[in-house]
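Beneath this line is the structure, given in structure tokens, with notes to follow.
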């Protein structure tokens, strides 16, 4: 039976449409902000500031700019980036194992659930993070060697992390004790790679962070206590599917150097909107039951449910943002000689 649409369903369509378009507007204003706007700090991963001027000066990047080194280095002084690489790799393997178990247990139709969408997205983050960390660990010792000497491998990162709002210029002086800058073509190539991969990694990271919190809260606080049945029964697999995603992300957050700006909540909202549209499409094509009762359209209460779901994205994303803020506020006090703020 095809999806039957009532008048109040158009309110639900409007809520999802406004959320999606509003997210696009926020990203247009913040992610694609012009680099010449004096009030803009380079949180955008698409438009990065220039690292050097025409006279060969190295310009410190503003706060919240995501440099290439931040994609794979840790926020702990003296902790080798290989630890972050190992964490991401083993997280990916463990999550892949549980997702495979899930598919074997319930077949591929399990992907009608938002949980599996989010779990797969978290896997994508750890897979991509593993590749970027491996590349960073492999190329870092090589890219800083020059004909005149060697550059401190973490020089660029230190400048980014301790950069002031005003630009800081640094010019090569003497060979002894000086830092040798890379050629302009090499710097530009690194910035381009960092821009693309940084954009992709950061986008997936912040999307799945909010989605994992939403998934776990809905399961443990709503579905399991009030709607437990054959679809939502608790067992080892279900418990792990609704806890390991957020657990591994928080572990990665404790180690990584990635910022967590608020405006990328928009990606999280867009991700959920795409899932809801997917549900509408498969029901229009004859799918007969709703994986989540609050997504049903055949009730006059549907607009209130959809509005509540749209609003709940803010506290879910905010909860993870608080975790990141606590990391950058508390850990520097507890470990002042070992921890470096991500931004």
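The values are calculated or read from the model by the stated rules, or taken from the named source; none is laboratory data. Computed from a predicted structure; not experimentally measured. Counting neighbours? That spans all protein chains shown, and the Cβs are built from the backbone with ideal geometry, glycine included.
Give me the pairs: first residue in the range 91-103 and without any contact (Cβ under 8 Å) to a residue 24 or more places away in the chain, second residue surrounded by 14 or more Cβ atoms within 10 Å (Cβ to Cβ), beta-carbon distance under 8 Å, and six or more apart or on different chains, which are they?
103/110
Considering only the range 185-284, give the helices (runs of 4 or more DSSP H) lying wholly within it that have at least 3 residues that are closer than 21 Å to residue 96 by Cα and modelled with pLDDT under 95. So that I can check it myself, show each step before the final result.
On the way: elements: 236-241, 244-255, 265-284.
Per the criteria, 236-241.
Given 94, 132, which one is crowded, with 18+ Cβ neighbours inside 10 Å and farther than 25 Å from residue 282 by Cα?
The unique qualifying residue is 132.
If residue 226 meets every condition in (1) surrounded by fewer than 17 Cβ atoms within 10 Å (Cβ to Cβ); (2) closer than 25 Å to residue 27 by Cβ apart from one, which number is that one?
In the conditions (1) surrounded by fewer than 17 Cβ atoms within 10 Å (Cβ to Cβ); (2) closer than 25 Å to residue 27 by Cβ, residue 226 misses (2) alone.
Just to be sure before I move on: is residue 339 touching a strand residue (DSSP E or B) at 6+ places or on another chain (Cβ under 7 Å), surrounded by 15 or more Cβ atoms within 10 Å (Cβ to Cβ) and in contact (Cβ under 8 Å) with a residue 12 or more places away in the chain in the structure I sent?
Values: touching a strand residue (DSSP E or B) at 6+ places or on another chain (Cβ under 7 Å): yes; surrounded by 15 or more Cβ atoms within 10 Å (Cβ to Cβ): yes; in contact (Cβ under 8 Å) with a residue 12 or more places away in the chain: yes.
Answer is yes for this residue.
Quick check on the range 288-298. Is at least one of its residues free of Cβ contacts under 8 Å to residues at least 12 places away in the same chain, farther than 22 Å from residue 264 by Cβ and in a helix (DSSP H, G or I)?
There is no residue in the range 288-298 that is free of Cβ contacts under 8 Å to residues at least 12 places away in the same chain, farther than 22 Å from residue 264 by Cβ and in a helix (DSSP H, G or I).
Among 89, 10, which is surrounded by 14 or more Cβ atoms within 10 Å (Cβ to Cβ) and either part of a helix (DSSP H, G or I) or at pLDDT 90 or above (or both)?
Exactly one of 89, 10 is surrounded by 14 or more Cβ atoms within 10 Å (Cβ to Cβ) and either part of a helix (DSSP H, G or I) or at pLDDT 90 or above (or both), namely 89.
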